[in-house]
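Read the structure below first, then the notes.
The numbers here are math on the coordinates, done by the rules we state, and not lab data. What you are looking at is a predicted structure, and each value in this text was computed from that prediction instead of being measured. Neighbour counts are summed over all protein chains in view; Cβ atoms, including those assigned to glycine, are modelled from backbone coordinates with ideal geometry.
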Amino acid sequence: MYLTLLIIFTILVLLASIYTGTRLYKKAETTFDKNIRDKVTRDRNPHFIGVMKSVTRLGNVETLFMIIVPILFVLVRDGEFVTASAIILSAGLSIIVSQVLKFIFRRTRPTKERALSHIGYSFPSGHSTVGVSFYLTLAYIVSTGTGRLVFLLLIGLIIGLAIAFSRIYLGVHWASDVIVGVFLGLTCSAWAIYLYRSKFVLEWLFRAF
């Protein structure tokens, strides 16, 4: 049942993402995005901008690298290849999916009200996709055997959503980029968790250990 629902959810999210991306192809903004941007960026607090810059760094590739590498080192050392595979998949799938869609739809990033310099295409938000996928999956893994599943999943989701919101607040993404990114992140996390529960191992990667 879980797998069936997961497949259906994945298909719906991909169809919605493709439909949205098609409507936004190479577009700079929509009325919806402009209204959200104006509301969020109006009268921004300089101190809160600093907070949001710190939050958004949690979704940076270099930050994820610094978090993931030590975790993988310990997991591989201890022979925890199932957990290591889930960690890699949560980040890897989300990065691949978001970057492929960016290349396909090539949406222009916001050019006004930026509080952070950024390059690359806008749709979908890679930080939102990767942030939700990785931190939610990590929260699920950490919760295993603790009896605190709901609490830790909520923490993971809050971190992912905070990263997503920071992208709008800092003016480097449109709201539609972030919304689609969040749902893509949920999808990638759901697959990583499913494979983790199924004891899936990236055999080709860990064959030498």
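Per-structure values
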read-out: Within region 5-100: Cβ-based charge dipole about Cα centre, in debye rounded to nearest 20 (Lys, Arg +1; Asp, Glu -1); value: 500 debye
read-out: Radius, Kirkwood style, for the chain when every pair of distinct Cα atoms is counted (Å); value: 17.7 Å
read-out: Positive dipole terminus of region 31-92, leading residue within 54, 89, 69 (C-beta point charges); value: 54
read-out: Per-residue HN-Hα couplings for region 202-207 [Karplus 6.51, -1.76, 1.60; θ = phi - 60°; Hz; x = Gly/Pro]; value: 6, 4, 4, 8, 10, 4
read-out: Cα gyration tensor category, rounded, prolate or oblate, for region 1-119 with a/c compared to 1.5; value: oblate
read-out: Sorted by Cβ neighbour density within 10 Å, fewest at the top, the residues 102, 53; value: 53, 102
read-out: Dipole magnitude (debye, nearest 20) for the chain, charges at Cβ of Lys, Arg, Asp, Glu; value: 600 debye
read-out: Mean separation of Cα contacts under 8 Å (6+ apart) over length of region 1-116, as relative contact order %; value: 51 percent
read-out: In sequence order, calculated HN-Hα J values of region 175-182 (Karplus, 6.51, -1.76, 1.60; Hz; x Gly/Pro); value: 4, 5, 4, 6, 4, 5, x, 4
read-out: Separation of alpha-carbon centers, region 130-171 and region 12-83, rounded to whole Å; value: 12 Å
